[in-house]
Amino acid sequence: MPGAREASDVQENAPAAAKAAKTHLVLQTGEVRVVEYVLAAGEGLGWHTHSAVSDHIYGLEGDIVVECRAPDRTVHLAPGESFVIPPGTVHRTRNGGEGRARYLLVQGVGPYDFHPVP
């Protein structure tokens, strides 16, 4: 995937998993949502999926770890790198480093939803 390295082996309607992270809603329309996430060491969002929107994750600072299921995949994003998660893919993001990490999440095109997955 261009723009990513494969690993070897806050707003009111934010999901509970995201409330630990600091968020800044940049833009939200009926079809597109843009949010900046700031994660302290050890913070992240839990496993979840979206019905209609793709997640476009763009690393801003630190080591952003994106994990997906079916197929299992782990990607580390450095600043300037990006990764796209298609609708229906179970995934989570977390800070993979010891310092602060930030990423920009662009979601669309379609209505936003968030479905937690155990």
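Coordinate-derived values only; no laboratory data. The structure displayed is predicted, hence computed values, not measured ones. Cβ atoms come from the backbone with ideal geometry, glycine included; neighbour counts cover every protein chain shown.
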Can you list residues whose amide H is under 5 Å from D63's amide H, if they're 5+ apart or on another chain and H is modeled 1.01 Å from N? G96, G97
Added length on full extension, which subtracts the Cα-Cα distance from 0.36 nm per residue, E61 to W47: 2.9 nm
Just to check I understand the Karplus step: with θ = phi - 60° and J = 6.51 cos²θ - 1.76 cosθ + 1.60, what whole-Hz values come out for the range 30-36, glycine and proline as x? x, 10, 9, 9, 10, 9, 9
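Please arrange T93, T74 by counting, for each residue, the other beta carbons lying within 10 Å of its beta carbon, fewest first.
Least to most surrounded, the residues fall as T74, T93.
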Given R₀ = 22 Å, FRET efficiency for E31-D113 by Cβ-Cβ distance, to 0.05? 0.95
Note down the nm distance, to one decimal, between modelled labels 7 Å out along Cα→Cβ at H24 and at V84. 2.6 nm
